[in-house]
Structures are given as C-alpha cells and as structure tokens.
Amino acid sequence: MLNLDAINHEFPGGNFLISKDINELINNSTGMIDNDSDVQKYSHQIFSMIALNSIGYSIEDLFKFLKYDISKGPMLGECNVNFFSMLEIDKNYKVSGKIMSIEFKKSKKIGEIDIVKFNVYIHEDDFKLLSIEYKLILPR
Amino acid sequence: MNYKLGQNLIEWSFKIKQEYLIVWSEVLDDPNPIHLNKNKVKDLGLGNNCINQGPANVAYIINCISNNFHKFELISIKNKFKGNVFSGDNVTVTGLISSVNNCDETIYLTLDLYLNTQNKKGVVESTAVIKIP
C-alpha cells in the first residue's frame, strides 16, 4: 500500500546546474547535433525533465517515500512541460515540486496500478521558468 | 517561410545503444532495474531487452523539432507514453503541423509528433507548441 500521506507533500527542493560537459553528454546520447551558437548558450530542452534529479530526493528516495518497491518496474505515463524561459548552461537554478495525487486503477495490459501525479518547478530567484507535470504508473 | 496545416515534418531517426541507457540512469540518478537489467524486464513480462528512459524518448522528439526548425522557442510539450522503447531499437520521429497562429507578427505552430520503433508506431505521442521568431 502506497503512502497516501504523500499527497500534497512538497519535495525538499534543490539546486540545478547544467554544465557544458553534461549537456554534451546528453546531446551525444540522444543524437542531437548542435552547431548553433544559441544552442551552445542554452541547454537541451530535455533538462526540464532531467531536473527531476534535483528535487531534493533521488528517484530511489522518492519511491521509498511513497513506500513503493522500485523493483516492480515503475513507468512514466505522461509528462507535460511548460516553458516560460530556456535553461542556460552554467547557470544555477532552484528546483521545487509537490505530489499532487495518487489514484488506483485497473489496467487491461498490466493489471492493478497506482498512478502518482506530481509537479516539478524550475526557478531562477522568484521567477518560475518551467513547470513539469508527471504521471507515474506504478504496477502493484 | 510559409507553414501549412498538415505539412509533414522531416523524419528524424536514431539507434538506441545500451551505453546511452547507462548514461541516462546516471544523469537521472535512477536505479530502476528495467533500464539496466534485461532479465528484470523479462521477469516483469515487459519485453526482452532493457527499457529506454522516458525523458530520453522525449529528447528524440525535441531533436526532431530542432532538426526541422533551426530557430524556435519551445513553449510547451505534452507527452503520452504508450509503449516502450528498448535498447537496440531503431527509432524514428514523424510529425506534422496541426495549427498555425500568427500573433503580433510572431508565428506559433502546434506540432503533432510520434515516436516510432521498428516494431510499433506511436510509442510516444506528443503535442508541442513552438514560437518561430
């Protein structure tokens, strides 16, 4: 049984910095070719989702907090990102987030599942640059 | 440049290697065994090879947008994960322009995008809104 007290829980939060090296690593591992000077100033937009590593919990910690056994194979169901600004390389950002809801469903394909929705936000000072809505599927 | 409703995007393709899944697990600090241990994937009945990370799948879709529009600003992207991409898969991203809006001499395009593997179409379905300066 998942930890239902997790609903409305705010993550501890953390800092997020995209180095040139890690940006190149992600570009190389996804086949992105960046010859544009603007691209070299800004990171790959997928760092919006990678910021999940800076919510103040590791992914493993997050599942522990939810009282979910990660070996059951949790999956990403949906992810919606709203960009208010692009993320720059070598700039420090703050990351925050909150667990919004937990639902139970029966899936025809994978049986009984719990669906956890949570949001992540990336800030610069008090200005929100991005919001990311996640929907995780947790097989029981 | 003229943009037309229904205009197809140039297809983007990429081959997934296990070494990329290892990079993503480290970058995301994600120890989920489905990305690193194909026997675990088999045990769970999810397939026969390691499952690619969801954010990497979205990255391919963004790369297709970048390949089609060299100057653009990503406003939003909504992604539904309908299936899995596996280590060793050949993926393609296809898409089209589903709406064109001109607001104060700035063009906003809505794009419908699909991530496909050699075995399944629409593994990820995305809708992106981009701004063309």
Would you be able to say whether some residue in segment A:103-113 is part of a strand (DSSP E or B) and in contact with a Ser or Thr (Cβ under 9 Å, 6 or more places away or on another chain)? yes
Test for B:Glu19: is it part of a helix (DSSP H, G or I), modelled with pLDDT of 95 or more and surrounded by fewer than 21 Cβ atoms within 10 Å (Cβ to Cβ): yes
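Residue-by-condition table, conditions (1) within 18 Å of A:Leu130 (Cβ to Cβ); (2) touching a Pro at 6+ places or on another chain (Cβ under 9 Å); (3) aromatic (Phe, Trp, Tyr):
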residue	(1), (2), (3)
A:Leu2	no, no, no
A:Lys20	no, no, no
A:Met49	yes, yes, no
A:Ser58	no, yes, no
A:Lys64	no, no, no
A:Lys67	no, no, no
A:Asn82	yes, no, no
A:Ile89	yes, no, no
Just to be sure, is B:Gly6 more than 7 Å from every other protein chain (Cβ to nearest Cβ), at pLDDT 95 or above and part of a loop (DSSP other than H, G, I, E, B)? yes
List the strands (runs of 3 or more DSSP E) inside segment B:31-133, counting only whole elements, that have at least 3 residues being in contact (Cβ under 8 Å) with a residue 12 or more places away in the chain and within 18 Å of A:Leu76 (Cα to Cα). B:73-81, B:106-117, B:124-132
Taking the criterion of being within 20 Å of the chain's Cα centre (by Cα), within 11 Å of chain A (Cβ to nearest Cβ) and of a type in the set (A, V, I, L, M), would at least one residue in segment B:96-108 satisfy it? no
Which of the following residues is within 17 Å of the chain's Cα centre (by Cα), more than 10 Å from every other protein chain (Cβ to nearest Cβ), buried (at least 22 other Cβ atoms within 10 Å of the Cβ) and under 30 Å from A:Asp126 (Cα atoms): A:Ile18, A:Ile55, A:Ile46, A:Ile26? A:Ile55
Residue within segment A:49-57 that is assigned to a helix (DSSP H, G or I) and free of Cβ contacts under 8 Å to residues at least 40 places away in the same chain present: yes
Within segment A:82-117, considering residues that are under 22 Å from A:Pro12 (Cβ atoms) and aliphatic (A, V, I, L, M), the one farthest from the chain's Cα centre (by Cα): A:Ile102
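So if I check each of A:Lys94, A:Lys64, A:Lys98, which one is more than 9 Å from chain B (Cβ to nearest Cβ), out of contact with any strand residue (DSSP E or B) (no Cβ under 8 Å at 6 or more places or on another chain) and either assigned to a loop (DSSP other than H, G, I, E, B) or surrounded by 14 or more Cβ atoms within 10 Å (Cβ to Cβ) (or both)?
Being more than 9 Å from chain B (Cβ to nearest Cβ), out of contact with any strand residue (DSSP E or B) (no Cβ under 8 Å at 6 or more places or on another chain) and either assigned to a loop (DSSP other than H, G, I, E, B) or surrounded by 14 or more Cβ atoms within 10 Å (Cβ to Cβ) (or both) holds for just one of A:Lys94, A:Lys64, A:Lys98, which is A:Lys64.
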Please verify whether B:Asn57 is at the interface with chain A (Cβ under 10 Å from one of its Cβ atoms) and within 18 Å of B:Trp12 (Cβ to Cβ), treating the condition exactly as stated. yes
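The values are calculated or read from the model by the stated rules, or taken from the named source; none is laboratory data. Not measured: the values here are computed from a predicted model. Note that each Cβ is placed from the backbone with ideal geometry, even for glycine, and that neighbours are counted across all protein chains shown.
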